[in-house]
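Have a look at the structure below, then the notes.
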Amino acid sequence: MSDTTYTPPKVWTWDQESGGKFASINRPIAGATHDKELPVGDHPFQLYSLATPNGVKVTVMLEELLAAGETGAEYDAWLINIGEGDQFGSGFVEINPNSKIPALHDRSGGEPVRVFESASILMHLAEKFGHFLPKEGAARTEVLNWLFWQMGSAPYLGGGFGHFYAYAPEKFEYAINRFSMEAKRQLDVLNLELATKTFIAGEDYSIADIAIWPWYGQLVLGRLYDAAEFLDVASYEHVVRWAKAIDARPAVQRGRMVNRAFGELSSQLRERHAATDFETRTQDKLEAAE
Ligand SMILES: N[C@@H](CCC(=O)N[C@@H](CS)C(=O)NCC(=O)O)C(=O)O
């Protein structure tokens, strides 16, 4: 059950050979490792990201705003390859000192505004354009309740369950049990709520759904950690109904493709600079044209 051969030393030191999928990028120190300016396009919003669940939240939001007719939400999406350490370049660190995607530069006003942490980005965009977040009252609070529920909960799903089930160099039964229990508890929270509501904060689609879906929606659709059977995701029937409804939204389908550098080539739009890029610049088309 437990690893009895390890006794923690008095002072922890960095073992660079610790293994696991992210061993090469994890570090115990902050700050830039190298000078690298970020590219800047023509649109009001400059997004620096990758299509992980946290990145997808923002590209779905931007595509939803454009679909709602907000032409001022046009954006350039630049690829940050976290496996190669792009998040530690000096330009990226200036926008997000925490060195994690997604990071947004809002150049729509006078002085550019940096926005990091996916929930902060979703709130910034929702308030700026007046969509997907009620302006006041209990309805607004309920959306924020679920938005921050996601921010507090998903690290247990990703950094806890996903890490130990899919990425750790060895299978540790204690860790997998602990985080499977929590992942299933979280799915049950959503399932009980979604039994009586169309969307997580009520009858209207909101930034809470946009934040929760890339994690828990994609988990029950069988797209995360190859864990659908292990967690018996089909038993969370209301979450599955909600996940499928959101998955069918055209803006969600587009948002999933942006900054994607893995999976089917036709699903990868590594950089997005125009709405037409979805038809003309997916990776299959770029490679065929080479
Ligand atoms: N709380 C952050 C989490 C962001 C995050 O964990 N991003 C990951 C990818 S999903 C990342 O950039 N990892 C790179 C690294 O840890 O060096 C948010 O919601 O924006």
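The values are calculated or read from the model by the stated rules, or taken from the named source; none is laboratory data. None of the values given here were measured: they were computed from a predicted structure. Cβ: placed from backbone, ideal geometry, glycine included. Neighbour counts: every protein chain shown.
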Give me the pairs: first residue in the range 189-200 and farther than 12 Å from GLY217 by Cα and assigned to a loop (DSSP other than H, G, I, E, B), second residue of a type in the set (A, V, I, L, M) and modelled with pLDDT of 95 or more, beta-carbon distance under 9 Å, and six or more apart or on different chains, which are they? THR198/ALA245
Return the residues of the range 51-76 that are in contact with a Lys or Arg (Cβ under 6 Å, 6 or more places away or on another chain) and either of a type in the set (Phe, Trp, Tyr) or over 14 Å from SER118 (Cβ atoms) (or both); say none if nothing qualifies. GLU63
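Can you list the helices (runs of 4 or more DSSP H) found entirely within the range 49-164 that contain at least 3 residues being surrounded by fewer than 21 Cβ atoms within 10 Å (Cβ to Cβ) and more than 14 Å from the ligand (Cβ to nearest atom)? Can you show your working first?
Values: elements: 53-67, 90-95, 118-129, 137-155.
Ranges flagged: 90-95, 118-129, 137-155.
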Using the structure shown, decide if VAL233 is out of contact with any Ser or Thr (no Cβ under 9 Å at 6 or more places or on another chain) and not charged (D, E, K, R). yes
Let me spell it out: the conditions are (1) touching a residue at least 40 places away in the same chain (Cβ under 8 Å); (2) hydrophobic (A, V, I, L, M, F, W, C); (3) buried (at least 24 other Cβ atoms within 10 Å of the Cβ), and PHE230 meets all of them except one. Which number is the exception? (3)
Only one of VAL189, VAL113 is farther than 25 Å from ASN96 by Cα and at pLDDT 95 or above. Can you tell me which? VAL189
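Would you call ALA201 out of contact with any Ser or Thr (no Cβ under 8 Å at 6 or more places or on another chain), within 30 Å of PHE22 (Cβ to Cβ) and surrounded by 15 or more Cβ atoms within 10 Å (Cβ to Cβ)?
Values: out of contact with any Ser or Thr (no Cβ under 8 Å at 6 or more places or on another chain): yes; within 30 Å of PHE22 (Cβ to Cβ): no; surrounded by 15 or more Cβ atoms within 10 Å (Cβ to Cβ): yes.
Here the answer is no, as ALA201 does not meet what is asked.
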Unmet requirement for LYS21, which otherwise passes all of (1) in a loop (DSSP other than H, G, I, E, B); (2) closer than 22 Å to ASP106 by Cβ: (2)
Pair list, Cβ < 6 Å and 6+ apart or interchain, from the range 252-280 residues that are within 19 Å of LEU122 (Cβ to Cβ) to residues that are part of a strand (DSSP E or B) and among the charged types (D, E, K, R): VAL258/ARG272
